[in-house]
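Scroll down for the structure; my scribbles are underneath it.
The values are calculated or read from the model by the stated rules, or taken from the named source; none is laboratory data. Since we're looking at a predicted model, the values are computed, not measured. Cβ placement follows ideal geometry from the backbone for every residue including glycine, while neighbour counts extend to all protein chains displayed.
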Amino acid sequence: MGETFSYYPGCTSHSTAIEYIEASKAVIEALGIELKELPDWCCCGAASAHNLSSSLALGLSAFNVGEAHKEGKDLVIPCAGCYGNLAQADYVMRYDEAERQRLEKQMGFKFDTEVKMLSLVDLLAREELRPAIKNLVKKPLKGLKVVCYYGCAIVRPAAITGVDNSENPLRIDTMMADLGAEVIDWSCKVDCCGGDLGLTDAEKTTELVNKIVDYAVAAEADCLVTSCALCEANVDIRQQRLPILYFTELMAEAFQIGDRQRWWKKHFNDPSGLF
Amino acid sequence: MAENLLQKVVAESGQPIDLCYQCRKCSVGCPMVEEFDFPPNMVMRMVQLGMKDELLKSKAIWMCISCETCGSRCPNEIRIAPVMDSLRAQCLEEGIAPADPVTVALHSAFIESIKTFGRVHEATMLMNYKWKSKNFTSDLDVGIKLFLKGKIPLMPKKSENMAKIKEIFQEAGK
């Protein structure tokens, strides 16, 4: 395709979401898309900045958005939480002129309305990529029953994320079907896994995760598919019934590319038996 | 007093709180409502009525995990998550003891890590969080497993532009 995008790795790219980033990079490279990492990126503030100070949260995210505007290309953000924060800052600057001018001056950039914030689903679920993705499938995921779990940050608020449907999003479902998987409809696509609660209240997080996994098991899913590092961590760590995989790991499996055996070992619930 | 709280929250959150007519859709869909002392619809009414003291001391403001389910379903398009952000910030600004100090310990440790490295370094952030919350044993097994899986790097990776990050923190008064 020969497309080039700016790339915001986010803090989890070197830690808890390492297999997500490796799988995503392998898939993106196979599709002929080039990513250029923003050299100066900093943490978006995650949930912590806005919990303590909205202006700190906006400042950290606006700085990163500004760095992307300096490069002049759409910014690809694999981490759902980072995407949510940067998309929120983009939204503020797009529609609030006073805030835009203040932040442009503080961060030293000019806001270009053409530059967009993209989640990894935004990048890879584009209609025009479907033929290329289908062409790359070497081993269709035949017989693999999946439920797609979207969580919060790439879904809500719809005005900011531009999601197709905030109660029943379908873009990951469509991608999984294109890989040959059997996609099952289920009830917890956009339920919250607890997010940061995973670090402060294990018991409540387990309760939220168990509800999600109960529904996935009732739907007879073999695994749960996500695009969010925090969803993956919470759902994987807090139960022992169901493997949870990133959607790009399943793309890499279908394409038969990347160091998949090593990625499977990064999960708490080993998914290697599925393939 | 009543006007002050409502005006401040509206200004900080940008949300049309006066449009809330108590349909309770927010509370019905809230995954955390069982942990709240006041359900989200009641928080909205309390903001309208200026019940500042009760709100800033409440558990509800710290139990909200900003999943945005409520805001997404509100018929008046009021996002409650930024309203909670405003109330949390006011609680800390006014020096009121937060009803859930563990959550504050986590977020404080997290932003201190950003302030130091520009990016989060999980190992030192988690130690700082454990120190602040005085809870050293919970989820130790999870932490060890994550470390063994190579998911908690020992060495921090600093941002290239620490001067800007310092400026952003200063600007936000943090």
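Here's the yes/no breakdown for (1) within 24 Å of A:Thr12 (Cα to Cα); (2) in contact with a helix residue (DSSP H, G or I) (Cβ under 9 Å, 6 or more places away or on another chain); (3) in contact (Cβ under 8 Å) with a residue 40 or more places away in the chain:
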site	(1), (2), (3)
A:Ala181	no, yes, yes
A:Lys189	yes, yes, yes
A:Asp196	yes, yes, yes
A:Val213	yes, yes, no
A:Ala218	no, no, no
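With respect to A:Leu129, is the statement that it is closer than 30 Å to A:Leu274 by Cα, of a type outside the set (D, E, K, R), touching a Leu at 6+ places or on another chain (Cβ under 8 Å) and in the same structural domain as A:Ala177 (by TED's automatic domain parsing) true?
Numbers: closer than 30 Å to A:Leu274 by Cα: yes; of a type outside the set (D, E, K, R): yes; touching a Leu at 6+ places or on another chain (Cβ under 8 Å): yes; in the same structural domain as A:Ala177 (by TED's automatic domain parsing): no.
So A:Leu129 fails the test.
Would it be correct to say that B:Asp85 is surrounded by 23 or more Cβ atoms within 10 Å (Cβ to Cβ) and facing chain A (nearest Cβ under 10 Å)? Answer is yes for this residue. Would you mind stating whether B:Asp141 is acidic (Asp, Glu), in a helix (DSSP H, G or I) and surrounded by fewer than 17 Cβ atoms within 10 Å (Cβ to Cβ)? Spelling it out, B:Asp141 is indeed acidic (Asp, Glu), in a helix (DSSP H, G or I) and surrounded by fewer than 17 Cβ atoms within 10 Å (Cβ to Cβ).
Can you give me the number of residues within the range B:128-138 that are of a type in the set (S, T, N, Q), surrounded by 12 or more Cβ atoms within 10 Å (Cβ to Cβ) and farther than 19 Å from A:Cys11 by Cβ?
Filtering the range B:128-138 for residues of a type in the set (S, T, N, Q) gives B:128, B:133, B:135, B:137-138.
This time we only want the ones that are surrounded by 12 or more Cβ atoms within 10 Å (Cβ to Cβ), so: B:128, B:133, B:135, B:138.
In the following step, the residues that additionally are farther than 19 Å from A:Cys11 by Cβ were identified as B:133, B:135, B:138.
The number of residues fulfilling the criteria is 3.
Residue by residue through the range B:56-99, note down the ones that are more than 22 Å from A:Asp196 (Cα to Cα) and of a type in the set (A, V, I, L, M, F, W, C). Within the range B:56-99, B:Cys74, B:Ile78, B:Ile96 qualify. If you go through the range A:135-155 and pick out every residue that is over 18 Å from A:Ala221 (Cβ atoms), out of contact with any Lys or Arg (no Cβ under 9 Å at 6 or more places or on another chain) and free of Cβ contacts under 8 Å to residues at least 60 places away in the same chain, you end up with 1. In the range B:144-172, of all residues being polar (S, T, N, Q) and buried (at least 16 other Cβ atoms within 10 Å of the Cβ), the one that is nearest to the chain's Cα centre (by Cα) corresponds to B:Ser159.
Counting only helices (runs of 4 or more DSSP H) that sit wholly inside the range A:1-81, those with at least 3 residues that are more than 10 Å from every other protein chain (Cβ to nearest Cβ) are A:18-30, A:54-71.
From the list A:Leu129, A:Leu141, A:Leu124, A:Leu136, which one is at pLDDT 95 or above, surrounded by 15 or more Cβ atoms within 10 Å (Cβ to Cβ) and under 15 Å from A:Cys228 (Cβ atoms)? Lay out the reasoning, then the answer.
Numbers: A:Leu129 fails: under 15 Å from A:Cys228 (Cβ atoms); A:Leu141 fails: under 15 Å from A:Cys228 (Cβ atoms); A:Leu136 fails: under 15 Å from A:Cys228 (Cβ atoms).
From the options A:Leu129, A:Leu141, A:Leu124, A:Leu136, the qualifying one is A:Leu124.
The single residue among B:Thr116, B:Thr103 that is under 30 Å from B:Lys157 (Cα atoms), more than 9 Å from chain A (Cβ to nearest Cβ) and of a type in the set (Ser, Thr, Tyr) turns out to be B:Thr116.
Conditions (1) within 20 Å of A:Met176 (Cα to Cα); (2) charged (D, E, K, R); (3) touching an Asp or Glu at 6+ places or on another chain (Cβ under 6 Å); (4) at pLDDT 95 or above, marked per residue:
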| residue | (1), (2), (3), (4) |
| --- | --- |
| A:Lys204 | no, yes, no, yes |
| A:Glu207 | no, yes, no, yes |
| A:Ile212 | yes, no, yes, yes |
| A:Ala216 | yes, no, no, yes |
| A:Thr226 | yes, no, yes, yes |
| A:Ile237 | no, no, no, yes |
| A:Leu245 | yes, no, no, yes |
| A:Leu250 | yes, no, no, yes |
| A:Glu253 | yes, yes, no, yes |
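If you take just the helices (runs of 4 or more DSSP H) that sit entirely in the range A:124-227, which of them hold at least 1 residues that are more than 14 Å from every other protein chain (Cβ to nearest Cβ)?
Values: elements: A:130-136, A:158-161, A:171-178, A:197-200, A:202-218.
Output list reads A:130-136, A:171-178, A:202-218.
Got a sec? Which of B:Ser72, B:Ser113 is of a type in the set (Ser, Thr, Tyr), outside the structural domain of B:Pro39 (by TED's automatic domain parsing) and either closer than 20 Å to A:Ala57 by Cβ or in a helix (DSSP H, G or I) (or both)?
B:Ser113
Looking for whichever is assigned to a loop (DSSP other than H, G, I, E, B) and under 14 Å from the mean Cα position of the chain (by Cα) here; the options are B:Ala81, B:Ala99. Which one fits? Please lay out each step first, then the result.
Details: B:Ala81 fails: assigned to a loop (DSSP other than H, G, I, E, B).
None of the other options fit; the residue is B:Ala99.
Of all the residues in the range B:14-67, those that are assigned to a helix (DSSP H, G or I) and over 24 Å from A:Asp191 (Cβ atoms) number 13.
With respect to being touching a Leu at 6+ places or on another chain (Cβ under 7 Å) and either facing chain A (nearest Cβ under 8 Å) or at negative phi (or both), B:Ile144 falls outside the description.
Taken over the range B:147-167, the criterion of being out of contact with any Asp or Glu (no Cβ under 8 Å at 6 or more places or on another chain) and assigned to a helix (DSSP H, G or I) is satisfied by B:Phe147, B:Leu148, B:Met162, B:Ala163, B:Ile165, B:Lys166, B:Glu167. On inspection, A:Ala98 fails the criterion of being small (Gly, Ala, Ser), in a helix (DSSP H, G or I), farther than 26 Å from B:Lys164 by Cβ and not assigned by TED's automatic domain parsing to the domain that holds A:Ile154. Of all residues in the range B:64-80, which are surrounded by fewer than 23 Cβ atoms within 10 Å (Cβ to Cβ) and of a type in the set (A, V, I, L, M)? Passing the criteria: only B:Ile78.
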